[in-house]
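What follows draws every value from the coordinates through simple rules; no lab data is involved. Predicted, not measured: the structure shown is a model, and the values here were computed from it. Don't worry about glycine lacking a Cβ; one is built from the backbone with ideal geometry, like all the others, and counts go over all protein chains shown.
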């Protein structure tokens, strides 16, 4: 391994898991920026590395949202970063067309290349063509077709040799019951009995990650009681789930819309897990992320 500061350029197909990968790197203390204009790569690296205490590990997301002419110049800009004393590595995420079509159908999100008269399948095909040179250049290619969020995080950690892959990974997930319970959840807690900020017009557009919503929940004693009881349960049983055959545990919280109560609880319990020393803790908000 080189002693030079490490820079991962995270690229790949839209919907293949780049956002999960960047969040994983951020959890591992990488300085991360998503959707960086490719032409600013060297400028970004220069600004960050001139800090009084520059980070030793950087990650940037560069994908098809960039101008297509810029994508063709990435090899030149990576070489420039190398001359600045960093160790640049390109990681490319891909998955099968059928998987991508299903993921977009599930999330109802718009592909970045979709426009009037262009079908989703055509947008995916165009993106593959535009990104083919980057895939050929990649130091690591990760196919996420058969990976859930947990498995993808683990794959990033192991493929890039970034952490102890024997540690138990914890995922705190939020979801809406109207779209079904996550099939890979180990523990599921139903938050629908708790007060709902959806009925407050000021809070409705926000989510459980926002300060105003958190403050609203913290003012309700029954929410505090719920958090305390779930915390006690997880503090008792999660340590007992460590084993040679188990690499991750998913703790899911559900509510009606998957936006306020479940999100708040997932974030609160993830924060507690980090504070109590769990090394690999992530959150995933199914209806938001």
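Equivalent-ellipsoid semi-axes (√(5λ), Cα gyration tensor) for segment 102-207, whole Å, largest first? Please report the intermediate quantities before stating the final value.
Numbers: eigenvalues 204, 130, 31 Å².
For segment 102-207, the semi-axes come out at 32, 25, 12 Å.
Reducing segment 176-209 and segment 20-63 to their Cα centroids gives an inter-centroid distance of 32 Å.
Please find the FRET efficiency linking residue 72 to residue 159, where r is the Cβ-Cβ separation and R0 is fixed at 22 Å, and quote it to the nearest 0.05. For residue 72 and residue 159, the calculated efficiency is 0.25. With angles folded into 0 to 90 degrees, how steeply does helix 120-137 sit against the dominant principal axis of the chain? Use alpha carbons for both and round to 10. It works out to around 60 degrees. Rounded to the nearest 500, the helix-only mean residue ellipticity at 222 nm of the chain stands at -12000 deg cm²/dmol, with each DSSP H run of n ≥ 4 adding -39,500 (n - 2.57).
Tally the DSSP beta bridges in the chain and give the antiparallel ones as a percent, rounded to 5.
That works out to approximately 5 percent antiparallel.
For the chain, the fraction of alpha-carbon pairs lying more than 32 Å apart is 33 percent, rounded to a whole number.
Taking Cα atoms only, the orientation of helix 221-237 departs from the longest principal axis of the chain by about 70 degrees.
Subtracting the Cα-Cα distance from 0.36 nm times the residue separation, let me have the gained length for residue 198 to residue 26 in nm, one decimal. Could you put the intermediate results ahead of the total?
Details: separation 172, 0.36 × 172 = 61.92 nm, distance 3.05 nm.
That pair, residue 198 and residue 26, stretches by 58.9 nm at full extension.
Specify the angular offset, from 0 to 90 degrees and rounded to the nearest 10, of the alpha carbon long axis of helix 97-107 from the longest principal axis of the alpha carbons in the chain. Tilt of helix 97-107: around 40 degrees.
Potential lengthening of the chain between residue 289 and residue 40 amounts to 87.0 nm, from the contour at 0.36 nm per residue minus the alpha-carbon distance. Secondary structure note: in segment 169-285, about 5% of the DSSP beta bridges are antiparallel.
How much length is gained if the chain between residue 101 and residue 276 is pulled fully straight, taking 0.36 nm per residue apart and subtracting their Cα-Cα distance, in nm to one decimal?
Details: separation 175, 0.36 × 175 = 63.00 nm, distance 3.95 nm.
Gain on extension, residue 101 to residue 276, equals 59.1 nm.
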